[in-house]
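Take a look at the structure set out below.
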Amino acid sequence: MHEPLTAAEYRAIAKTITLPTSAFIDGAFRPAQSGKTFETKNPATGDLLAEISACDSSDVDFAVTKARAAFEDGRWRLLSPGERKRVLLGFARLLEDHRHELAVLESLDSGKPVRECQTVDVPDTIHTIRWHAELIDKLYDHTAPVGASALTMVVREPIGVVGAVLPWNFPLLMLAWKIGPALAAGCSVIVKPALETTLTTLRVAELAHEAGIPAGVFNVVTGGGKEVGEPIGLHMDIDMVTFTGSTPTGRRFLRYAADSNLKRIVLECGGKNPAVVMDDAEDLDLVAEQVVTGAFWNMGENCSATSRLLVHANIKDDLLARMGAYLREWKTGDPLDPENRIGALVSPTHFAKVKSYLDDLTKDKLVVAHGGETREGVYVEPTIIDGVSPASRLFREEIFGPVLSVTTFNSLSEAITLANDTPYGLAASVYTGSLRKAIRLSREIRAGVVTVNCFGEGDASTPFGGFKESGFGGRDKSIFAHDQYTELKTIWIDVSERSVDETVR
Ligand SMILES: NC(=O)C1=CN([C@@H]2O[C@H](COP(=O)(O)OP(=O)(O)OC[C@H]3O[C@@H](n4cnc5c(N)ncnc54)[C@H](O)[C@@H]3O)[C@@H](O)[C@H]2O)C=CC1
Ligand code: BAL
């Protein structure tokens, strides 16, 4: 079903797609009230794709009014969970029907290899929507053990109007991680996609409306962080913001909440994720494939990318040789060609950031074990840098590109210290043939996801989010995401024989 097409087929689809250009509010596409637009380009070619509405606080206010009205009149919230599930499953089917179009749109807008859009982003997006749809009519509320004189219900209710502020690295999937549980819970949402990648979000909102999600429940306000993200953060009538992006911008949302209505804030921020390879790892070819994939899929534009290889000194040279051999299978080039595993970085601005780390290599006389070059346009070859010291910015800063640093250790405790030696704590992988070491490493590394003898983020059923400066306030995915989008309410019903006077104490 989600097998890739040929490059010719993808290019033919690209020619037929109608690009959305306006914000989507209250069930209709609408230009920004100011009439302003911004350009969105294909990062792989630099060609203009579309002029998109550049919204501001007046558009956010309008969207909040409509989202609030939809929430209050209950057109979505008051449907039974089974009824919301039926509509959401229809929405997922419609996404499936449009899977090739969505994969191409995602690739054109972000530079991601269409092969990954088709085999990972689009199917995982659909699966996430389905998973939360299927969950919602299987959740029970609670009663509390208060004795026979009262019935005390502890219920979850949708939190209200949710702002979802999205990054550009997984536009479709991050959208699904937020709207899946929010819509299933009965909330209204206002999505702000990243400036770089608005197109699939707009198309998905249109398809959601077509599937029967009522007007005002799923709105998209397009535009910049300052112009749209900040008004969402500061809005007095938004109940919650869920954010994925950089740690500095995440911090801003905590300030916005403090300066406005104490809205709930959930942050999924950066990472500097280690792969720890012990010298008893069993299959070094497999480890090489996992580390390369963890580091370089999606061009390393991934908050959970493996960005630091911590390897036992005894096996470092052997492992790097195997990684280099495997990387020869990875081709860089046109994202619409499914043979290519490395596409374009998302923008010239981001390319300049990643390149600045490569520029340090000669200055700091570091050993490049693989890659190290850029190509015409915004392409960076997968790069492995050996001998990186824990003090270096290569070791400490989130690069968010295809750059992997290598540092050696000589003992398990040294590996744990190195793994924890950054402000982040999102993800980690450990490779060892010893169960004892696997458990010690996975319990002592401070990260939200630790994978053993593999790389990955789990699936829709497993929570995703970080320790330390990688996250705040909750987890995406899984049954635990439901907690983010709901409030707990206690309803205490007196069922005693006492008079009213006796009950008022
Ligand atoms: N954790 C993750 O998944 C991501 C991490 N990043 C990291 O952040 C770096 C910078 O990328 P950016 O796109 O600039 O990330 P960012 O964190 O600034 O952007 C994420 C979202 O926040 C919005 N935003 C930006 N400034 C805002 C503000 N002042 N108030 C409210 N909303 C605001 C953006 O428009 C976007 O929708 C990357 O190089 C990477 O290291 C970027 C994207 C995703
Ligand atoms: N790895 C998926 C989540 C993210 O990059 O933000």
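The values are calculated or read from the model by the stated rules, or taken from the named source; none is laboratory data. Not measured: the values here are computed from a predicted model. Every residue, glycine as well, gets a Cβ built from its backbone with ideal geometry; the counts of neighbours run over all protein chains shown. The area values use the complete protein model at the heavy-atom level, side chains included, leaving out ligands, DNA and RNA. Shrake-Rupley method; radii C 1.70, N 1.55, O 1.52, S 1.80 Å.
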Review point. What does the charge dipole of segment 241-286 about its Cα centre add up to, to the nearest 20 debye, if the Cβ of each Lys and Arg holds +1 and the Cβ of each Asp and Glu holds -1?
Key: 920 debye
Check your understanding: What residue among LEU78, GLY90, LEU108 has its Cα farthest toward the positive end of the dipole of segment 65-110, where the charges are +1 on Lys, Arg and -1 on Asp, Glu, each on the Cβ?
Key -> LEU78
Practice item. Would you work out the relative contact order for the chain, in percent, from Cα pairs under 8 angstrom that are 6 or more residues apart? Key: 18 percent
Point to revise | trypsin sites (Lys or Arg not before Pro) restricted to segment 319-406 and DSSP loop, no more than 11 other C-beta within 10 Å | key: ARG328, LYS365
Practice item. Please report, as a whole percent, how much of the solvent-accessible surface of the chain comes from carbon and sulfur atoms (probe radius 1.4 Å). Key: 52 percent
Point to revise | Rounded to 10°, Cα long-axis angle of helix 316-327 versus longest principal axis of the chain | key: 70 degrees
**Study point:** Spatially near lysine pairs across segment 273-452, Cα under 26 Å, sequence gap of 8 or more or different chains
**Key:** 11
Study note, to complete from the structure: Tilt, helix 99-110 to longest principal axis of the chain (alpha-carbon atoms), in degrees rounded to tens, equals 60 degrees
Review point. Can you give the charge dipole size of segment 273-452 about its Cα centre, rounded to the nearest 20 debye, using +1 on the beta carbon of Lys and Arg and -1 on the beta carbon of Asp and Glu?
Key: 540 debye
Study note, to complete from the structure: Scoring segment 273-452 by relative contact order with C-alpha pairs under 8 Å, at least six apart, yields a percentage of 28 percent
Point to revise | Rounded to 10°, Cα long-axis angle of helix 284-296 versus longest principal axis of the chain | key: 60 degrees
Review point. What size of dipole, in debye to the nearest 20, comes out for the chain about its Cα centre when the only charges are +1 on Lys and Arg C-beta atoms and -1 on Asp and Glu C-beta atoms?
Key: 660 debye
Exercise for review: Round to a whole angstrom and tell me the spacing of the C-alpha centers of segment 153-216 and segment 106-151.
Suggested key: 11 Å
Point to revise | Anchor LYS15: lysines whose Cα lies under 21 Å away (excluding residues fewer than 8 positions away in-chain) | key: LYS41, LYS112
Practice item. Could you work out how far the C-alpha centroid of segment 315-394 sits from that of segment 1-40, in angstrom? Key: 31 Å
Exercise for review: Would you work out which of ALA44, ALA32, VAL60 lies farthest towards the positive end of the dipole of segment 5-66? Charges go on Cβ: Lys and Arg +1, Asp and Glu -1.
Suggested key: ALA44
Revision key, fill the gap. For segment 56-134, listing chymotrypsin sites (Phe, Trp or Tyr not before Pro) in a DSSP loop whose Cβ sees at most 13 other Cβ atoms within 10 Å gives none
Check your understanding: the chain: longest stretch without exposed GluC sites (Glu not before Pro) (DSSP loop, at most 12 other Cβ within 10 Å), sites themselves excluded?
Key -> 1-281
Review point. Say the dipole of segment 307-365 comes from +1 at the beta carbon of Lys and Arg and -1 at that of Asp and Glu; which of ALA352, THR362, ALA321 then lies farthest toward its positive end?
Key: THR362
Check your understanding: Under a 5 Å amide H to amide H cut-off, with H placed in plane at 1.01 Å, what residues pair with ALA54 once short-range neighbours are removed?
Key -> ALA32, LYS36, THR37, PHE38
**Study point:** Fraction of beta bridges assigned by DSSP in the chain that are antiparallel (%, nearest 5)
**Key:** 45 percent
